[in-house]
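For reference, the structure is listed below as structure tokens.
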Amino acid sequence: MINKVAVLGAGQMGSGIAHVLAQQKYNVVLFDIADIQLQNALSGIGKNLERQAKKGLLDSGDIPSIVGRIRTTMTMEDLADCDLAIEAVSEKESLKLDIFKKLDKIVKPEAILASNTSSIPITRIAAVTKRPDKVIGLHFMNPVPVMKLVEVIRGLATSEKTFEAIGSLVETLGKEMAVSADYPGFIVNRILIPMINEAAFALFEGVASAEDIDKGMKLGTNQPMGPLTLADYIGLDTCLAIMEVLYDGFKDSKYRPCPLLVKMVEAGRLGKKTGQGFYNYE
């Protein structure tokens, strides 16, 4: 049974995962290498809970107990007795593999190790551990407290017991599960990120302005925001990283990253988080 959950990475995704777990009465240990990131995560979770309370989605009197179920740490050894560890760091394969090697040695043998990766094969991640049967993909959508979907990805060695335990967790969080085979990009990002990449190509080739590309997709296909705006919110570096995983994984030219996307990442124009991407936020 899963009672105590470790979340590694206190960024937007990690803090969102910690939020929904604590709200459903799981005890959470939130790990990050930067104390300021942990402080910002707790502050952000508190503000998001207050917004939920104002909308009538929870009782404001429950907020202190929800936040109180989240303990922060900068020491990975503090995760040793967790029943489940969810890695939610940057979409860099080398970083994730290094974390899983360390986690495998620290966390109790019966614990499940999950990755929130949006594109990197779970089988590859599991292979660096001595418990590949207990490694699984658990890809939450952003923003986690709002989005209903969780992609669950079974690696080649993921056991039925692990899969069933994660399925039960997803259900208790009030989320819907979509199960994907272990191919680069899984379901959502295999479809979504190439669409964003194609929108970047349309801008790069002068087909239309960023505003008109987004207007066309919003009003013409009933999407809540255009692909270039969405890319800015996701982070252009993350979009590029996923395209590179797809291109490397399938060896198919249709997944070639747009040169404009590459250039913008090289220039540090990563979207909303840096103040400039396809649009200016400064």
Check whether at least one residue in the stretch 4-19 is modelled with pLDDT of 95 or more, in contact with an Asp or Glu (Cβ under 8 Å, 6 or more places away or on another chain) and among the hydroxyl-bearing types (Ser, Thr, Tyr), and report yes or no. no
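Somewhere in the stretch 212-231, is a residue among the hydroxyl-bearing types (Ser, Thr, Tyr), at pLDDT 95 or above, surrounded by 14 or more Cβ atoms within 10 Å (Cβ to Cβ) and in contact with a helix residue (DSSP H, G or I) (Cβ under 9 Å, 6 or more places away or on another chain)?
Here is the first cut: in the stretch 212-231, the residues among the hydroxyl-bearing types (Ser, Thr, Tyr) are 221, 229.
Going one step further and asking which of them are at pLDDT 95 or above, we end up with 221, 229.
Checking which are surrounded by 14 or more Cβ atoms within 10 Å (Cβ to Cβ) leaves us with 229.
Now drop any that are not in contact with a helix residue (DSSP H, G or I) (Cβ under 9 Å, 6 or more places away or on another chain), which leaves 229.
Yes, the conditions are met somewhere in the stretch 212-231.
Looking at 273, 263, 254, which is the one that is charged (D, E, K, R), in contact with a helix residue (DSSP H, G or I) (Cβ under 8 Å, 6 or more places away or on another chain) and part of a helix (DSSP H, G or I)?
Values: 273 fails: in contact with a helix residue (DSSP H, G or I) (Cβ under 8 Å, 6 or more places away or on another chain); 263 fails: in contact with a helix residue (DSSP H, G or I) (Cβ under 8 Å, 6 or more places away or on another chain).
So the residue among 273, 263, 254 that is charged (D, E, K, R), in contact with a helix residue (DSSP H, G or I) (Cβ under 8 Å, 6 or more places away or on another chain) and part of a helix (DSSP H, G or I) is 254.
Those residues that are assigned to a loop (DSSP other than H, G, I, E, B), small (Gly, Ala, Ser) and closer than 17 Å to residue 194 by Cα, I need them from the stretch 205-236; list them, please. Walk me through how you get there before you give the answer.
As a first pass, look at the stretch 205-236 and keep what is assigned to a loop (DSSP other than H, G, I, E, B): 205-209, 222-226, 235.
When the remaining residues are screened for being small (Gly, Ala, Ser), the result is 206, 208-209, 226, 235.
226, 235, listed by residue number.
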Report, by residue number, each residue of the stretch 122-132 that is farther than 20 Å from residue 81 by Cβ and either charged (D, E, K, R) or surrounded by fewer than 22 Cβ atoms within 10 Å (Cβ to Cβ) (or both). 123, 124, 127, 128, 132
Check whether at least one residue in the stretch 73-92 is within 18 Å of residue 160 (Cα to Cα) and in a loop (DSSP other than H, G, I, E, B), and report yes or no. yes
All positions within the stretch 191-210 that are surrounded by fewer than 20 Cβ atoms within 10 Å (Cβ to Cβ) and under 18 Å from residue 147 (Cα atoms): 191, 192
Residue 194 passes all but one of (1) assigned to a loop (DSSP other than H, G, I, E, B); (2) within 23 Å of residue 121 (Cα to Cα); which number fails? (1)
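For residue 166, state whether it is in contact (Cβ under 8 Å) with a residue 12 or more places away in the chain, assigned to a helix (DSSP H, G or I) and of a type in the set (A, V, I, L, M, F, W, C).
yes
Within the stretch 140-150, does at least one residue satisfy the condition of being basic (Lys, Arg), assigned to a helix (DSSP H, G or I) and modelled with pLDDT of 95 or more? Give the derivation first.
Going residue by residue through the stretch 140-150, those that are basic (Lys, Arg) are 148.
Now drop any that are not assigned to a helix (DSSP H, G or I), which leaves none.
The answer is no; no qualifying residue exists.
The values are calculated or read from the model by the stated rules, or taken from the named source; none is laboratory data. Remember, it's a predicted structure, so these values are computed and weren't measured experimentally. Positions of Cβ are backbone-derived with ideal geometry, glycine not excepted, and every protein chain shown enters the neighbour counts.
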